[in-house]
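**Q** Mind looking over this structure? Questions follow.
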Amino acid sequence: MRRRSLLLAVPAGLVTLAGCGDDDKSDKAKSSSSPSASPSASSAPPPKIVDGPLPAITAGTKFGEKPTVAKGSGDPSKDLAVRTAIAGNGATVAENDYIQANYLGQVWDTAKVFDNSYDRKTSLVIQLAQGSIIDGWRYGLVGKKAGSRVEMSVPPTWGYGKQGNTQAGIKGTDTLVFVVDIENTFNAKSSAKGKNVPQSDANLPKVGTNTDGKAPSIDVPKTKAPTKLVADYVIEGDGEEVKADSSVLVQYKGVVWDGGKEFDSTYSRGQLTSFSLQQVVKGWAQGLTGKKVGSRVLIVIPPALGYGDNPPSGSGIKKDSTLVFTVDILAKM
């Protein structure tokens, strides 16, 4: 059985990737027309992938530019049509990876744009996993490289199914056309990227600076734990700053100050975690706010900002424990 993250301050399970990839409170304008999966449209057999037909991209032809896509000509393929319009040279996307991408989606027959991330100026971060995203994306983007622009024609079978998406104006018979700019891809081996920051305070834990995807070490000193929150860079990235209402994609490892015993880790589970900072313990929310994407952060959380006298059952955390975390901020969602 997969262990659930212990970070959440509320017993609601991990944050789900839905809508346009942003937390409800940070993007009131999002709709359900993004490529998130429909429950009844995610059990189709794998599609045959063909190279066309696909409508022309008539403007915004460079990677990262909002594309203009022509109306579909004639009947679309009954199979999944996929074309790499621009070939990138970054990491290869695999199934169950998280991708960071900009995209535009429209209906084949009408060229009506039903959703795009370019106007929101916020790329989508979503997992290519069954139940998280429509199957057209899950099958069409696997094997592509970061830095690529991919165009896809997705029949209803691997889109929103026979029920369509009424909010977006998508009928159950509509074939959808997507243009996707893959900016990055993340998996269980992803790590922080940046410059190492000196760890000179002998009274604080020392965190490993390896970026090979393995869990960094945490060496807790045999001194009294700090009574205030500590949130220091171990590796400083150069991405945008995390806000108090941001959702983030992270790697992390947590140990108890007294004894240094590990109690939770994405590395041990072999799976990244995503959540809103409004759904985690206060020490995490306060510690990550203002930190840059790409960074590794040491967070030392006193009991008042952690679990206090009510730690999660079965966690191995005693009452009034000080917690120590190393957190790699991979992406802001």
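The values are calculated or read from the model by the stated rules, or taken from the named source; none is laboratory data. Being a predicted model, the structure only gives us computed values, none of them experimental. Note that we place each Cβ from the backbone using ideal geometry, even for glycine, and neighbour counts take in every protein chain shown. Heavy atoms of the whole protein, side chains included, go into the accessibility calculation; ligands, DNA and RNA do not. Shrake-Rupley method; radii C 1.70, N 1.55, O 1.52, S 1.80 Å.
**Q** So in the stretch 206-230, with the set limited to residues that are of a type in the set (Ser, Thr, Tyr) and open to solvent by 60 Å² or more (accessible area, probe 1.4 Å), which one is farthest from residue 283 (Cα to Cα)?
**A** Here is the first cut: in the stretch 206-230, the ones of a type in the set (Ser, Thr, Tyr) are 209, 211, 217, 223, 227.
Those left that are additionally open to solvent by 60 Å² or more (accessible area, probe 1.4 Å): 211, 227.
Values: 211: 24, 227: 12 Å.
Going through the qualifying residues, I end up with 211.
**Q** Only one of these conditions is not met by residue 82: (1) part of a loop (DSSP other than H, G, I, E, B); (2) touching a helix residue (DSSP H, G or I) at 6+ places or on another chain (Cβ under 6 Å). Which number is it?
**A** Residue 82 satisfies all of (1) part of a loop (DSSP other than H, G, I, E, B); (2) touching a helix residue (DSSP H, G or I) at 6+ places or on another chain (Cβ under 6 Å) except (1).
**Q** Right, next: Which of the residues that make up the stretch 274-305 are open to solvent by 20 Å² or more (accessible area, probe 1.4 Å) and part of a loop (DSSP other than H, G, I, E, B)?
**A** Result: 289, 290, 291, 293.
**Q** Whether any residue in the stretch 102-119 is surrounded by fewer than 15 Cβ atoms within 10 Å (Cβ to Cβ) and over 22 Å from residue 167 (Cβ atoms) is what I want to check.
**A** No, there is no match, as no residue in the stretch 102-119 is surrounded by fewer than 15 Cβ atoms within 10 Å (Cβ to Cβ) and over 22 Å from residue 167 (Cβ atoms).
**Q** Looking at residue 147 and the list (1) more than 17 Å from residue 76 (Cα to Cα); (2) at pLDDT 95 or above; (3) over 18 Å from the mean Cα position of the chain (by Cα), which single condition is not satisfied?
**A** (3)
**Q** Within the stretch 157-177, count every residue that is over 26 Å from residue 59 (Cα atoms) and open to solvent by less than 30 Å² (accessible area, probe 1.4 Å). Before you say what the answer is, go through the steps one by one.
**A** Taking the stretch 157-177 as the starting set, the residues that turn out to be over 26 Å from residue 59 (Cα atoms) are 157-158, 160-167, 171-173.
Next, only the ones that are open to solvent by less than 30 Å² (accessible area, probe 1.4 Å) stay: 158, 160-161, 164-165, 172.
Qualifying residue count, the stretch 157-177: 6.
**Q** While we're on this one: Does the stretch 141-159 include one or more residues that are touching a strand residue (DSSP E or B) at 6+ places or on another chain (Cβ under 8 Å) and under 22 Å from residue 274 (Cα atoms)?
**A** Yes, the conditions are met somewhere in the stretch 141-159.
**Q** Somewhere in the stretch 320-329, is a residue under 16 Å from residue 245 (Cα atoms), surrounded by 21 or more Cβ atoms within 10 Å (Cβ to Cβ) and modelled with pLDDT of 95 or more? Walk me through it before giving the result.
**A** Filtering the stretch 320-329 for residues under 16 Å from residue 245 (Cα atoms) gives 329.
If we keep only those that are surrounded by 21 or more Cβ atoms within 10 Å (Cβ to Cβ) as well, we get 329.
Narrowing further to those that are modelled with pLDDT of 95 or more: 329.
Yes: one or more hits.
**Q** Hey, another quick one. In the stretch 139-155, what count of residues is obtained for those that are part of a helix (DSSP H, G or I) and either crowded, with 24+ Cβ neighbours inside 10 Å or free of Cβ contacts under 8 Å to residues at least 40 places away in the same chain (or both)?
**A** If we filter the stretch 139-155 for residues that are part of a helix (DSSP H, G or I), which is where we start, we get 139-140.
Of the ones still in play, those that are also either crowded, with 24+ Cβ neighbours inside 10 Å or free of Cβ contacts under 8 Å to residues at least 40 places away in the same chain (or both) are 140.
Result for the stretch 139-155: 1.
**Q** Would you point out which residue out of 94, 87 is within 25 Å of residue 248 (Cα to Cα) and not polar (S, T, N, Q)?
**A** Numbers: 87 fails: within 25 Å of residue 248 (Cα to Cα).
94 is the lone residue from the list that is within 25 Å of residue 248 (Cα to Cα) and not polar (S, T, N, Q).
**Q** Does at least one position in the stretch 203-213 carry a residue that is aliphatic (A, V, I, L, M), over 25 Å from residue 96 (Cα atoms), touching a helix residue (DSSP H, G or I) at 6+ places or on another chain (Cβ under 6 Å) and in a loop (DSSP other than H, G, I, E, B)? Full working, then the answer.
**A** The initial filter retains those residues of the stretch 203-213 that are aliphatic (A, V, I, L, M), namely 204, 207.
Among the residues that remain, those that are also over 25 Å from residue 96 (Cα atoms) are: 204, 207.
If we keep only those that are touching a helix residue (DSSP H, G or I) at 6+ places or on another chain (Cβ under 6 Å) as well, we get none.
Checked against the condition, which is being aliphatic (A, V, I, L, M), over 25 Å from residue 96 (Cα atoms), touching a helix residue (DSSP H, G or I) at 6+ places or on another chain (Cβ under 6 Å) and in a loop (DSSP other than H, G, I, E, B), the stretch 203-213 yields no hits at all.
**Q** For residue 180, work out the one condition from (1) under 30 Å from residue 162 (Cβ atoms); (2) surrounded by fewer than 22 Cβ atoms within 10 Å (Cβ to Cβ) it doesn't fulfil.
**A** For residue 180, the failing item is (2).
**Q** Where residues in the stretch 85-101 are assigned to a strand (DSSP E or B) and not small (Gly, Ala, Ser), which of them is surrounded by the fewest Cβ atoms within 10 Å (Cβ to Cβ)? It would help to see each step written out before you state the result.
**A** First pass over the stretch 85-101, keeping only residues assigned to a strand (DSSP E or B): 85-86, 92, 98-101.
Still in the running and not small (Gly, Ala, Ser): 86, 92, 98-100.
Numbers: 86: 16, 92: 13, 98: 24, 99: 25, 100: 22.
Across the stretch 85-101, the extreme among qualifying residues is 92.
**Q** Which of the numbered conditions does residue 130 fail, given that it passes all the others? Conditions: (1) in contact with a helix residue (DSSP H, G or I) (Cβ under 9 Å, 6 or more places away or on another chain); (2) open to solvent by less than 10 Å² (accessible area, probe 1.4 Å).
**A** The single condition residue 130 does not satisfy is (2).
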